[in-house]
Amino acid sequence: MKGVVVYYSRWGNCKQVAESVAKGLEETGHEVSLVDAGSQKALEVEPDFLLVGSPTRIGKMAGPVKKFIKKAVPDAWEGKPFAAFGTGLQSALEKSEPNAADGIHLALEAMGLKPIAPAFKAGVVEMKGPLVEGDRERALEFGKEVGAALGG
Ligand SMILES: Cc1cc2nc3c(=O)[nH]c(=O)nc-3n(C[C@H](O)[C@H](O)[C@H](O)COP(=O)(O)O)c2cc1C
């Protein structure tokens, strides 16, 4: 299947997660375009599936991702499979504080898209990173799990 992984990233952490997720999807046989939500470019393909990820900002998704969901996810995508991911401070993750991934999951579900997997969250040690050790690999595994769940 053909899909799109949309992300936003200020310091590159969420981008690394997006790249690993995309790699996992590709390893399970899917064709993936990686799209920076901040570029505000129109999507080149109409995807069979959609993944959206964002850094957490005060418990929520970043502005460019919110805009992407509002503008670029048309009604026509109702019923399409999706999954959400997010990055946030590991200290906040450990306390189960709100994460961008949850907001993205809820927003896309409310638009009628169908979740393929629970929201995936990766931790950063400090605001600008780095990612918590092992979380790139977890992101790759998440991509593979989503890819396997999508099937052929
Ligand atoms: C203004 C601001 C608010 C933030 N609020 C949160 C927060 O509420 N919870 C959290 O876990 N991380 C928070 N963070 C940390 C970011 O999630 C972290 O910097 C980001 O995930 C790093 O990813 P990036 O390099 O892709 O931007 C905040 C960061 C900034 C700059």
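Taking into account only those residues within region 107-120 that are among the small types (G, A, S) and away from the ligand (no atom under 16 Å from the Cβ), which is most open to solvent (accessible area, probe 1.4 Å)?
The qualifying residue most open to solvent (accessible area, probe 1.4 Å) is A110.
What number of residues in region 29-55 are small (G, A, S), open to solvent by 30 Å² or more (accessible area, probe 1.4 Å) and in contact with a strand residue (DSSP E or B) (Cβ under 8 Å, 6 or more places away or on another chain)?
Qualifying residue count for the region: 1.
Looking at region 121-138, I want the residues that are without any contact (Cβ under 8 Å) to a residue 12 or more places away in the chain and within 11 Å of the ligand (Cβ to nearest atom) and have a partner that is assigned to a strand (DSSP E or B) and not acidic (D, E) with Cβ atoms under 9 Å, at least 6 apart or on another chain. Which pairs are those?
none
Among the residues in region 61-68, are any free of Cβ contacts under 8 Å to residues at least 60 places away in the same chain, open to solvent by 20 Å² or more (accessible area, probe 1.4 Å) and either within 9 Å of the ligand (Cβ to nearest atom) or under 18 Å from G129 (Cα atoms) (or both)?
Within region 61-68, one or more residues are free of Cβ contacts under 8 Å to residues at least 60 places away in the same chain, open to solvent by 20 Å² or more (accessible area, probe 1.4 Å) and either within 9 Å of the ligand (Cβ to nearest atom) or under 18 Å from G129 (Cα atoms) (or both).
Of everything in region 37-60 that's assigned to a strand (DSSP E or B) and away from the ligand (no atom under 11 Å from the Cβ), which residue is farthest from the chain's Cα centre (by Cα)?
F49
Given the conditions (1) part of a strand (DSSP E or B); (2) open to solvent by 10 Å² or more (accessible area, probe 1.4 Å), and given that E26 satisfies all but one, which numbered condition is not satisfied?
All conditions pass for E26, except number (1).
Specify which of the listed residues (G12, G53) is within 19 Å of E141 (Cα to Cα) and small (G, A, S).
Just one listed residue meets the conditions, G53.
Within the group A76, A83, A42, which residue is hydrophobic (A, V, I, L, M, F, W, C) and more than 12 Å from V4 (Cα to Cα)?
Matching residue, one of A76, A83, A42: A76.
Inside region 1-23, can you point out the residues that are more than 9 Å from the ligand (Cβ to nearest atom), in a strand (DSSP E or B) and open to solvent by 10 Å² or more (accessible area, probe 1.4 Å)?
K2
What is the number of the single condition among (1) under 23 Å from G79 (Cβ atoms); (2) touching a strand residue (DSSP E or B) at 6+ places or on another chain (Cβ under 9 Å) that P64 does not meet?
Only one criterion is unmet by P64, namely (1).
Name the single residue that is farthest from the ligand (Cβ to nearest atom) among those in region 78-106 being of a type in the set (A, V, I, L, M) and surrounded by 19 or more Cβ atoms within 10 Å (Cβ to Cβ).
Of everything passing the filter in region 78-106, A83 is farthest from the ligand (Cβ to nearest atom).
Identify the residue in region 117-152 that is closer than 12 Å to F85 by Cα and either part of a loop (DSSP other than H, G, I, E, B) or β-branched (V, I, T) (or both) and, among all such residues, is nearest to the chain's Cα centre (by Cα).
Looking at residues that are closer than 12 Å to F85 by Cα and either part of a loop (DSSP other than H, G, I, E, B) or β-branched (V, I, T) (or both), I get A119.
The values are calculated or read from the model by the stated rules, or taken from the named source; none is laboratory data. None of these values were measured; they are calculated from a predicted model. Using ideal geometry, Cβ is built from the backbone for each residue, glycine included, and neighbour counts are taken over all protein chains shown. Side chains included, ligands, DNA and RNA excluded: accessible areas come from the protein's heavy atoms. Shrake-Rupley method; radii C 1.70, N 1.55, O 1.52, S 1.80 Å.
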